[in-house]
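Derivation of every value follows stated rules applied to the coordinates shown; laboratory data play no part. All values reported here derive from a predicted model rather than from experimental measurement. Glycine gets a Cβ as well: all are built from the backbone with ideal geometry, and neighbour counts include every protein chain shown.
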Amino acid sequence: MNSWSCRKMGVLAATAVFSLTASAASSQDFSIGERLFLENCSACHGNSGRGDGSVGVLFSAQPKSLRSLENDNNGHFPFSEVYQSIKGERNIQAHGIEMPVWGSAFTKDIMSNPFISGPLGEELVQGRILALVYYLQSIQD
Ligand code: HEC
């Protein structure tokens, strides 16, 4: 194979890989948020987000469904309020069970990686919270 066709093959291969990853990304837009939700939230809020998680049912009041946030807010998903609730910037009232402060929990987790510091860490925390908010927006009833 001469060098021109070799280069052409390289470009073709790179294009194929790029379009594969691009289509994988678009068919799984919420996969990061969904994974974060199942790992961190479903114990209380339930796998489906309806408030029927195994921990939640032990308390006097189950967390309410996270799938009705849009309906409860006149058909508009309350994006920034949900962001603030997850980050821990809103006072969430509950009986006997408290919503963890995810802004601090994610910061602690991400900053425990010695290769991550300062602004990058903050962006990664923000990225996790945003992925969760977009995921919740995608599962509204
Ligand atoms: C230890 C149990 C627990 C865990 C784990 C938990 N939550 Fe909560 N969450 C609650 C409780 C309790 C409330 C407040 C009561 C309610 O809204 O019914 C709440 C409220 C919320 C609200 C506010 C709902 C509203 O009415 O505005 C959001 C959004 C939310 N949680 C998202 C999450 C996300 C995302 C995670 C995972 C990163 C998570 N929660 C993990 C217990 C939990």
Subject >> Backbone N within segment 39-53 under 20 Å of label point (7 Å from Phe77 Cα along the Cβ vector) >> reply: 39-42, 45-52
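At 0.36 nm per residue, minus the direct Cα-Cα distance, what do Lys64 and Gln140 gain on full extension? Give it in nm, one decimal, please. Intermediate values should be presented prior to the final figure.
Details: separation 76, 0.36 × 76 = 27.36 nm, distance 1.31 nm.
Length gained between Lys64 and Gln140: 26.1 nm.
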**OP:** Return P(r) of segment 29-138 (all Cα-Cα pairs; 10 Å bins starting at 0; whole %; ordered from short to long distances).
**Re:** 15, 44, 33, 8, 0
Original post:
Once the piece of chain linking Ser117 and Ala43 is laid out straight, how much longer is it, given 0.36 nm per residue of separation minus the C-alpha distance between them?
Top reply: 23.7 nm
Original post:
Relative contact order (percent) for segment 75-124, with alpha-carbon contacts under 8 angstrom and 6 or more residues of separation?
Top reply: 23 percent
